[in-house]
Each structure stands twice: as structure tokens, then as C-alpha cells.
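The values are calculated or read from the model by the stated rules, or taken from the named source; none is laboratory data. From a predicted model like this one, the values you see are computed outputs, not experimental measurements. Don't worry about glycine lacking a Cβ; one is built from the backbone with ideal geometry, like all the others, and counts go over all protein chains shown.
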Amino acid sequence: MKKKQLLCLVLALLFLIPLTGVSLADQTVYEKPASDDMQEKAAIEQAKATICEHFIDMQAILDASTAEASFGYLDTERKAPIWLVEFRNPDAYYGSYFVSLSRKGELISYSAPYSMPYGPDDNELTGVTYATPGTYDISEQEAIRQAKSGLTEIGDYETRMDRLTEKAYFLYGERYNNGDEPVWLIYFYQDEVLKQKTLLAYDGTYIDTVPADKQFEITSRSDEGLGEDFYKLNFTRMTLQQKADFTKTWQPKVNEYLKDHPYFANRNDLFYLATRHTYGLPKEDELSQEEATEIARQAIIAEGANPSTIEKRPISYTFDITTADQPLWKLLIYPAELADKKDFLRDDNRFSYQVVIDAKDGTIMGTCDNVNGQDVDGWNF
């Protein structure tokens, strides 16, 4: 069986952290648990038990891991404080195992380094949509054949393959490849009792296999078909010239890659979306970066941003020439870096903004923020 292919989610996470350098943890409001709340030691022990219950052979790994428990308001609505327990062991695995618990100890969610969070009642079929294999997908028979081949290397399955029956599902789910591409889920039964579960990509690429009573630790496959250099790119930190060079280099390569990898077009991530636009540099008769900055700052002040800290807000710039006769300045404006956490979390500072400006005449084509649930998606820039 192929070795488990670890999805490099850490690269994607780089784009989720604002340019301010303020992490999600920095935006958390921490509290000390009350006497009738679950206490730290108990939260860690319960979290450890949860990970051991749902994932394979975790006890020794967690015993050698560093556990860190935080208690506080970890969501933007701050409805109630919760426990978030994180286990790290760089020598054994990359990333972290997480468990979140209510203040009284009820399980909210848990996750492995390469899985999306599971809810307490979730299983591998929660929230999925069934599909029909197409031209680029392996058949049900081939999926079962490949999954069975992998089982021969696990325990004593090789000696009892003739006693197994199979059931295969071809499906989409947010848990699997972020919902971008379908997967094959194959169940193996012995005497009508579910014994093993195997997860394959649409083309047969191995993702994970676990006993019936465990959850998949890896729910997405790595896609390195465009080469390591592509996935190392940090688009949000590129200069305008680097973004223009990015278009020239990667747009044709991705277009060619799509011919044999159709599901890649479903990826709602920076790497793919950035190649769907054409980037360039402003001409002499078009708005300069400084002029666009001033227009954008006035626009977000009108939306409620604090004028006194406006110049402290980091900005990511993009010059979009996808539509040649209407070049656009696109500015993603982050919260100001403020030492006082209370000031940082004020409503006139903690929100990010997007401003789109016509580069020919300075008309504001659109402004949005993440106030009241509006989505600020810098990746689309």
C-alpha cells in the first residue's frame, strides 16, 4: 500500500493569517474557569481520551506530545467560553490534534492534523452527496480492487479476504478535499459486520484506511501535480511585479493541467483562483498605488473604520487587468496592529475590508467587510 500522503494544509493556513501577524489565538478573549467549570487538568485528560477513542494507536503518541489547554471565548460571537485543547509532537507528526469542549466538558469537536473537525455525532457519511463516476473517475470495481489490495498489508486480512464483502460509495463531502473533488469510500464487512473503511481519491490515489470504529485521520489527498514551487507561493505577500510575473508563468501551466485534472477547477483556494485572473502594472494614465490607497482608506472610514488608526492598517495590493479596458485596483485592508488587545478587538478596527477601484477614473466598484457576516475573501484577489 502507498504510504499515507500528507496534505500540506499548513501552506493554505499561511493565507488565513492576516498580514498583521495577529494569529487567531491573539484574537481570543481568555478567561479563568469558574469553580463549577471543568478545570484544565480534566479538560486535557478528556481531550486525550477523545483522541484515543476516535483515532488509531494514539495513547503513546499523545503521552509524548505537548498538551496546551485554553479557556475563553474562541468564537467571534463570544456566546460562551469553551475549552480548546491542542496536542503537538513535531517528532511524531506535523500539525496538531485539537479537541474543543464546553465549559462543562461536553464534546464539541475533535480533529487530526489532516482532517476537518468531527462533531460528536459525525461519521464518514455525515453531510455527503452521492455522485456517479464519470470519464476521469475509476469504476466501482476498480475502486474495490485497489482497496482490497491495500488490505492485504493490514493485520491478518490477507488470510481472510474470501470472507469479506464490500460496499462502495462515490461521493462529495466538505470533509473530503474540501468538497472540491469526489472520493471513493469502501466498506468491508465480515459476516455482515463492518470491519474496515478505506478512502480513495476519484482516480484511485490512496488517502486512508481505518478500522470500523475509528475516524479517518487523513481526509484529503495531496495534489503536487503542478510541482512543489507552485504550492510554496504566498500570493498575498507578492509585489505587483511578482503578481504580474505569476500570471505569465502559472496561468498557462494551470490551463494545461486542467485538461487532465478536471476537478482542480473546483478548488476554491488561492493557488487556483489566482490563475483565473490576469495581473499587471498600472500605466502612466491610470491611478497610482498611492491614489488608490487614499480612495480606499476614505471608503472604509465611511464604512466605520477608525480614522485615527487608518494608516496603521496593512494593505495587500492587486492590479487586475483581466478585463483589458477596465483595469482594477483591488485592495485588501487588514486590522491595524495595536498593542492593546481591547483596542484591536474594537468594532472599528477588528474587521478587514476589500475595496475595488476603477483604475481609470477612481470610481469605487465595490467595498465589503466582514461585519454582520459579510465575507471578506482576499483569495479572490
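Within the group 330, 312, which residue is crowded, with 19+ Cβ neighbours inside 10 Å and basic (Lys, Arg)? Let's see the steps before the verdict.
Details: 312 fails: crowded, with 19+ Cβ neighbours inside 10 Å.
Only one candidate qualifies: 330.
Residue under question is residue 279, and the condition is that it be crowded, with 18+ Cβ neighbours inside 10 Å, among the hydroxyl-bearing types (Ser, Thr, Tyr), more than 30 Å from residue 338 (Cα to Cα) and at pLDDT 95 or above; does it hold? Walk me through how you get there before you give the answer.
Numbers: crowded, with 18+ Cβ neighbours inside 10 Å: yes; among the hydroxyl-bearing types (Ser, Thr, Tyr): yes; more than 30 Å from residue 338 (Cα to Cα): yes; at pLDDT 95 or above: yes.
Criteria met by residue 279.
Could you list, in sequence order, all residues of the stretch 293-310 that are assigned to a loop (DSSP other than H, G, I, E, B) and under 13 Å from residue 335 (Cβ atoms)?
Result: 304, 305, 306.
What's the number of the condition residue 266 fails, among (1) surrounded by fewer than 16 Cβ atoms within 10 Å (Cβ to Cβ); (2) among the polar types (S, T, N, Q); (3) touching a Leu at 6+ places or on another chain (Cβ under 8 Å); (4) in contact (Cβ under 8 Å) with a residue 60 or more places away in the chain?
Failed condition: (3).
Being of a type in the set (Lys, Arg), assigned to a loop (DSSP other than H, G, I, E, B) and in contact with a Pro (Cβ under 7 Å, 6 or more places away or on another chain) is true for just one of 350, 346. Which residue is that? It would help to see each step written out before you state the result.
Details: 346 fails: in contact with a Pro (Cβ under 7 Å, 6 or more places away or on another chain).
That would be 350, the only listed residue that is of a type in the set (Lys, Arg), assigned to a loop (DSSP other than H, G, I, E, B) and in contact with a Pro (Cβ under 7 Å, 6 or more places away or on another chain).
Answer with yes or no whether residue 317 is in contact with a Lys or Arg (Cβ under 6 Å, 6 or more places away or on another chain) and surrounded by 17 or more Cβ atoms within 10 Å (Cβ to Cβ). Outline the logic, then answer.
Details: in contact with a Lys or Arg (Cβ under 6 Å, 6 or more places away or on another chain): no; surrounded by 17 or more Cβ atoms within 10 Å (Cβ to Cβ): yes.
No; evaluated as a whole, the condition is false for this residue.
Residues 216, 235: which one is surrounded by 14 or more Cβ atoms within 10 Å (Cβ to Cβ), under 24 Å from the mean Cα position of the chain (by Cα) and more than 30 Å from residue 188 (Cβ to Cβ)? Outline the logic, then answer.
On the way: 216 fails: more than 30 Å from residue 188 (Cβ to Cβ).
It is 235.
Residue by residue through the stretch 145-161, note down the ones that are under 29 Å from the mean Cα position of the chain (by Cα) and either over 15 Å from residue 211 (Cα atoms) or assigned by TED's automatic domain parsing to the domain that holds residue 98 (or both).
From the stretch 145-161, those under 29 Å from the mean Cα position of the chain (by Cα) are 146-147, 150; that's our starting set.
Result: 146, single match.
Can you tell me how many residues within the stretch 180-212 are in contact with a strand residue (DSSP E or B) (Cβ under 7 Å, 6 or more places away or on another chain) and surrounded by fewer than 17 Cβ atoms within 10 Å (Cβ to Cβ)?
Number satisfying all stated conditions: 5.
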